[in-house]
Amino acid sequence: MFRGLMCALVFLLAFPVTASAFPQQLVTITVAASSKSAFSTTLTVEDSGRLAKQILRSPARKTSQKPELPRAKIAIGKKRFVYDSLSRLFEPSHSRMILLSGTVSRELEHWVTAAEQKHFGRFLAWELVRKDFHRMSYADVIDLETGQRFRVQRRAGSRHADVQPLTKEDTRIMKGIYQGKWSWKRRAILVKVGNNCYAASMHGMPHGAGAIKGNDFPGHFCIHFAGSTTHRRNVPDPSHSLMILKAAGKLPQQLMTAEPHMLVEYFLTAAREQDTAILDMMTDGAALPFRPDEIFWLTRVGGETDPDDVHLVTAKIPVRVSYLTKEGGERKETWLFHLERSSFLERWKITGITRGEKADD
């Protein structure tokens, strides 16, 4: 027996077991604009084994809390985690929050930020972007929700970029992003010019003149960047501004700190653009009295309403709105927004909307 043990020991010494002999558990971080996005970016952490051990060995506690505006999904082997906008790590399948040390939390934040920087565009002022995306130059446009990509050329525009798809195929892809129908609806996009990627917003309606022959696009369309304005206004368009924040990955933080009145404005803008992903971020699953795709056009109108009722953790804000449905016909109503937060340290959420009587013209 002793001879057998000695032989085994000699064998082990001759063939030492190293860490590389075991499969390393990789830490992968996946980010997207929303839970509904088909387009995402996944980053594998360098030296994953060390960070994986630190996370898996961290204490955890049961919680009924849910992640606030998730920033990333994290996978370690078969385990799945969610990292939220308060820099907290959750394991939803076990209803647990992972209690990370300061060192591990900072390292994880570093890698999540790195993944976001790969996925989203730079929030850069139009006056600077236009020096790179100059007239007659080319760019790739990537739709932030679907990931579909097409090529464009900037032909004109001083307050924003007037662009045209290059080919019939580019036009087909662009129209497909809008479900096969040209639309003024704004969408969050990335604009890649060379090695630079900018946060931007586009609409999907051909208008005006077009100069590229054979692309099946009757005119041009507009792309807005931070600080861009329309031809008719000297201030940025609220819808384009909201989509640029989304394209830059800055929208969750804006919603985390938004006061009730600002949150209502964001809601009306997102409803007008039929962006259900943004609406979900503000309502946190609360039922709405309408389907977003039922509203064809929406705007806030002036007029007398009941006074706002804002307290420490609850708020009621009445808003007069005018909107068009797909069935046609303009409607004017007063909507009463109900908002709550669990404490004065938490974010505001829209918990319901009461549609009042038809407003007077």
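Per-structure values
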quantity: Residue-wise HN-Hα coupling along the stretch 283-297, computed from phi with Karplus coefficients 6.51, -1.76, 1.60 (Hz; x: Gly, Pro); calculated: 9, 6, x, 5, 5, 9, x, 7, 8, x, 6, 7, 8, 8, 7
quantity: Backbone HN-Hα couplings from phi across the stretch 343-352 [Karplus 6.51/-1.76/1.60, Hz, Gly and Pro as x]; calculated: 7, 5, 8, 8, 7, 7, 9, 7, 9, x
quantity: Helix 260-272 axis, angle to the chain major axis (alpha carbon atoms, nearest 10°); calculated: 80
quantity: The chain: equivalent-ellipsoid semi-axes (sqrt of 5 x gyration tensor eigenvalues, Cα, Å); calculated: 45, 30, 16
quantity: Calculated FRET value between K78 and S183, using beta carbons and R₀ = 41 Å, to 0.05; calculated: 0.45
quantity: FRET efficiency estimate (nearest 0.05) - Cβ-Cβ, S85 to S322, R0 41 angstrom; calculated: 0.80
quantity: The chain, helix-only ellipticity at 222 nm - DSSP H runs n ≥ 4, -39,500 (n - 2.57), divided by all residues, nearest 500; calculated: -8000 deg cm²/dmol
quantity: Net charge of Cβ neighbours under 10 Å - reference I350; Lys, Arg +1; Asp, Glu -1; calculated: -1
quantity: Span per principal axis, largest first, for the Cα atoms of the stretch 96-159 (Å); calculated: 53, 26, 15
quantity: Check: the stretch 96-225 dipole with +1 on Lys, Arg Cβ and -1 on Asp, Glu Cβ, in debye; calculated: 360
quantity: Built amide H within the under 5 Å cut-off of W184, gap 5+; calculated: G204
quantity: Ordering of 284-290, 73-79 by burial proxy (mean other Cβ atoms within 10 Å per residue, highest first); calculated: 73-79, 284-290
quantity: Crossing angle, helix 2-14 versus the chain [Cα axis fit, 0-90 degrees, rounded to tens]; calculated: 40
quantity: Residue (of L279, M262, A315) at the positive-pole extreme of the stretch 251-358, dipole from beta-carbon charges; calculated: L279
quantity: Listed residue pairs exceeding 28 Å between alpha carbons, taken from K185/K332; K53/K250; K36/K131; K131/K250; K36/K181; K181/K316; calculated: K53/K250; K36/K131; K181/K316
quantity: Kirkwood estimate for the stretch 251-358, i.e. one over the average of 1/r between Cα atoms, Å; calculated: 14.2
quantity: In sequence order, calculated HN-Hα J values of the stretch 101-111 (Karplus, 6.51, -1.76, 1.60; Hz; x Gly/Pro); calculated: 6, x, 5, 5, 4, 5, 5, 5, 4, 4, 6
quantity: Crossing angle, helix 168-177 versus the chain [Cα axis fit, 0-90 degrees, rounded to tens]; calculated: 90
quantity: Pairwise centroid distance, computed over Cα atoms, of the stretch 297-347 with the stretch 57-117, Å; calculated: 34
quantity: Added length on full extension, which subtracts the Cα-Cα distance from 0.36 nm per residue, E294 to S93; calculated: 68.9 nm
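All of the numbers you see were taken from the coordinates with simple rules; none came from a lab. Only a predicted model underlies this, so the values are computations on that prediction, with no experimental measurement involved. FYI the Cβ positions are ideal-geometry reconstructions off the backbone, even for glycines, and counts take in every protein chain you see.
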